[in-house]
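*Asks:* Right, I'll just put the structure down here and ask away after.
The values are calculated or read from the model by the stated rules, or taken from the named source; none is laboratory data. Computed from a prediction, not measured in an experiment: that's the story for all the values here. A quick note on method: Cβ atoms are made from the backbone with ideal geometry, for glycine too, and the neighbour counts reach across all protein chains shown.
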Amino acid sequence: MTRHLPTRTTHRRAAGILAAGLLAGLGPAGPALAAGPGTPARAPAPTSASPAASVAPAPDDGLALTPPMGFNNWNSTQCRAEFDEEMVKGIADIFVDKGLKDAGYEYVNLDDCWALPARDADGKLVPDPARFPGGIKAVADYVHAKGLKLGIYTSAGTKTCNDAGFPGALGHEYSDARQFADWGVDYLKYDNCNNQGVDARQRYTTMRDALKAASATTGRPIVYSICEWGENRPWEWAADVGQLWRTTGDISDNWGSMLSIMKQNLPLARYAGPGHWNDPDMLEVGNGGMTDTEYRTHFSMWSVMAAPLLIGSDLRSASDETFEILGNEEVIAVDQDPLGKQGTVLSSEDGRWVVAKELADGSRAVALFNETGSPQRIATSAKAVGLPGAAAYTLRDLWRHKSYNTAGTISATVPAHGTVLVRVSADGDWAENPPAVELALDGGTLLEAGRPAALTASVTDLGRTPAKHVSVSLTGPRGWTVRATSPTRANVLATGRVLRTGWRVTAPAGTPPGSYDLTLRAGYRSPAGERAGNVLPVRTTVVVAPPSGTSELGGLPWLSATNGWGPVERDTSNGEAAAGDGTPLTIGGTVYASGLGVHADSTVEFYTGGACRTVTAQVGVDDEEGADGSVVFEIWADGTKAATTGVLTNADAAQSLSADVSGARTIRLVVTDAGDGITSDHGDWANARLTC
């Protein structure tokens, strides 16, 4: 059970989950998020001892033959007063007006807090008249009139997950299921709080039977979403219980959370298929905690994983970019492919991921995903993703909406935290498209103001056909100096040939530290004479050299920071909800005044500019996490691991860790989960110091 949640909710699940832990063997108790889906569970990747599994046949009830698509209010509103009848109707209107309905979104789902805290005298659920003055049926009728469907929420316990304690369905399954059907509900999200220690399979199967009975009586089928956070490995037993099951705890609107959940869900591909889906939780796209590049990765990877696509942002205030991401029909088609395969990991070396998904027409969706904080070249081949041998292939870029031909290589330089998503086909139409051309920019994208940096651009023809009249350009922000130091043109590039161009880039003296954009462009003509091109946006960072002498790392600016839950904290433990909410760094009873508080999996990167010698720290699991945490600390110098601990737990005293980082331009402080999931993995870099 995870103990890494906001303190305002630390008491929420104690009674029900403690009973579950003691009576059902679910493990020690812990708190959870304020409502909805519950807490992040340990990583559920199957082990070598897991039983073999294959995709079960599609159910004959016809429900959720492709992953459900829609909206859920929890991530954007939780239980705030704005969650009401008018909001729900407004979301339905936006689905129609903005084309989301036409793109496949159909469920408008209510999460927790829609009911009064007590049942009526007949034991029936009562919608909150302040939020839903017309009742749930009136909302359902409005949503249905738009050609959409309505979803609702409750818990497989005596109360729901909110602190206020709204009625759960344990012991009321048949009555509640009939109420939902009578109201016109089409989708049920069934949570796991206050479960009184009753076996999970029993609780979720009882509601399955109740929903079937209600459907038989009313004629209204209800899609059944099992939300027990992956604690009892539902992928192994729930295919004949519900149409989808949560594989993880709650997602949070930050890169670390999204990445951790993705990694937990990816190994479960063999359990997904039509009518039974792995659910890594709702979409955070548009909620503001990640960049648009990271949100495109979020949406791409959920689609490749055949995950339910449930919008979690308030569409009433969403940006045009949010609608562009959520409405990308080519990416949605990957998620909704009728074959129903979840993508599988082909490689993930050093944070460079290749995930491939077989599609019904024989093509492959291929995600080239860059986990790291700097651009990376990621490559695979048509053969490696399972396509038959062919003279050439059609490659469709699903975010740029352009088609090319390739001789077989599938490759791109992927921005930090970015994903290139392509659809590759062995068809006879490849020659109608221009050759695919890959762009790359190597060298220092970390610049000190006033000092020139050398970069090398490369343009590579990946196509079966040649690229002709090739030209390349590099532009930077206004006032920067960007100068080519070698030729920028080539008359022709045959398959596999490369045009390399050197550049000197200088940010003006006095340029403030921060991120700036360069743009690398290539233009060329296909053999048929049509113009084509490629663009590579490159994020460069103006940095300041670290001071001479010994500095506290907690006081230096970092280049990037990712964290498994909540933000990285300076000089306190990982408080998880917001910056500055941690407690004093404490390991083995010793309190430390300075350092960094993180939560696995975590990476914090600093610029050292080749001028520093050593990194030292006292490391360990913070005392606030009781007895559950287990982590490994690593120090990296550029791309080399310079020092590491073994597995450290809460029982271990602080361990001294030091590394020689001489000559490195960057260092990274990494904390991993020791291979057993992120439960309680609060790591402290106490007295972390850099000597330069």
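*Asks:* Among strands (runs of 3 or more DSSP E) lying entirely in segment 230-340, which contain 1 or more residues that are within 16 Å of A103 (Cβ to Cβ)?
*Replies:* 309-311
*Asks:* Which one is nearest to F369 (Cα to Cα), of the residues in segment 397-415 that are buried (at least 21 other Cβ atoms within 10 Å of the Cβ) and hydrophobic (A, V, I, L, M, F, W, C)?
*Replies:* The extreme case among them is V414.
*Asks:* Which residue pairs have Cβ atoms under 8 Å apart, sit 6 or more places apart or on different chains, and have a first residue in segment 298-312 that is in the same structural domain as F95 (by TED's automatic domain parsing) and surrounded by fewer than 24 Cβ atoms within 10 Å (Cβ to Cβ) and a second that is among the acidic types (D, E) and in a loop (DSSP other than H, G, I, E, B)?
*Replies:* G312/E284
*Asks:* Anything in segment 389-408 that is among the aliphatic types (A, V, I, L, M) and not in a strand (DSSP E or B)? List them, or say none.
*Replies:* A390, A391, A392, L398, A407
*Asks:* For segment 470-492, name all the residues that are within 23 Å of I410 (Cα to Cα) and more than 38 Å from the chain's Cα centre (by Cα).
*Replies:* A490, V492
*Asks:* Among residues belonging to segment 677-692 that are touching a strand residue (DSSP E or B) at 6+ places or on another chain (Cβ under 6 Å) and more than 19 Å from W558 (Cα to Cα), point out the one that is surrounded by the most Cβ atoms within 10 Å (Cβ to Cβ).
*Replies:* Of everything passing the filter in segment 677-692, H682 is surrounded by the most Cβ atoms within 10 Å (Cβ to Cβ).
*Asks:* Same structure again: Taking V366, is it in contact with a helix residue (DSSP H, G or I) (Cβ under 9 Å, 6 or more places away or on another chain), not assigned by TED's automatic domain parsing to the domain that holds M301 and not hydroxyl-bearing (S, T, Y)?
*Replies:* Yes.
*Asks:* Still on this model: Residue check, A528 against (1) in the same structural domain as T616 (by TED's automatic domain parsing); (2) among the small types (G, A, S); (3) part of a loop (DSSP other than H, G, I, E, B), all met but one. Which one?
*Replies:* Here A528 meets the rest and fails (1).
*Asks:* A further question on this structure: Based on this model, can you work out whether L259 counts as surrounded by 24 or more Cβ atoms within 10 Å (Cβ to Cβ) and of a type in the set (A, V, I, L, M)?
*Replies:* no
*Asks:* Output the residues belonging to segment 64-84 that are of a type outside the set (A, V, I, L, M, F, W, C), surrounded by 22 or more Cβ atoms within 10 Å (Cβ to Cβ) and within 17 Å of C113 (Cα to Cα).
*Replies:* Passing the criteria: N72, N73, N75, S76.
*Asks:* Residues being crowded, with 20+ Cβ neighbours inside 10 Å, touching an Asp or Glu at 6+ places or on another chain (Cβ under 7 Å) and closer than 29 Å to N563 by Cβ: count how many of those fall in segment 349-396.
*Replies:* Count: 2.
*Asks:* Take the residues in segment 494-524 that are farther than 28 Å from G450 by Cα and free of Cβ contacts under 8 Å to residues at least 40 places away in the same chain, then tell me which one is surrounded by the fewest Cβ atoms within 10 Å (Cβ to Cβ).
*Replies:* Result: A494.
*Asks:* Take the residues of segment 649-665 that are at pLDDT 95 or above and in a strand (DSSP E or B): which is surrounded by the fewest Cβ atoms within 10 Å (Cβ to Cβ)?
*Replies:* Checked segment 649-665; the qualifying residue surrounded by the fewest Cβ atoms within 10 Å (Cβ to Cβ) is S656.
*Asks:* Same structure again: What number of residues within segment 428-451 satisfy the criterion of being touching a Gly at 6+ places or on another chain (Cβ under 9 Å) and assigned to a loop (DSSP other than H, G, I, E, B)?
*Replies:* 5
*Asks:* Would you pick out the residues in segment 170-216 that are basic (K, R) and either in contact (Cβ under 8 Å) with a residue 60 or more places away in the chain or closer than 16 Å to G123 by Cα (or both)?
*Replies:* Result: R178, K189.
*Asks:* Specify the residue that is nearest to the chain's Cα centre (by Cα); the eligible residues are those in segment 559-592 that are part of a loop (DSSP other than H, G, I, E, B), free of Cβ contacts under 8 Å to residues at least 60 places away in the same chain and under 30 Å from S662 (Cα atoms).
*Replies:* V568
*Asks:* Further, regarding this structure: Which of the residues spanning segment 565-588 are at positive phi and either at pLDDT 95 or above or acidic (D, E) (or both)?
*Replies:* If the condition is that a residue be at positive phi and either at pLDDT 95 or above or acidic (D, E) (or both), then D571, E576 are the ones that fit.
*Asks:* Any idea which residue in segment 189-231 is surrounded by the fewest Cβ atoms within 10 Å (Cβ to Cβ), counting only those that are farther than 16 Å from W277 by Cα and β-branched (V, I, T)?
*Replies:* Selected residue: T217.
*Asks:* Can you tell which of D442, D429, D461 is modelled with pLDDT of 95 or more and not β-branched (V, I, T)?
*Replies:* One residue alone meets the criteria, D461.
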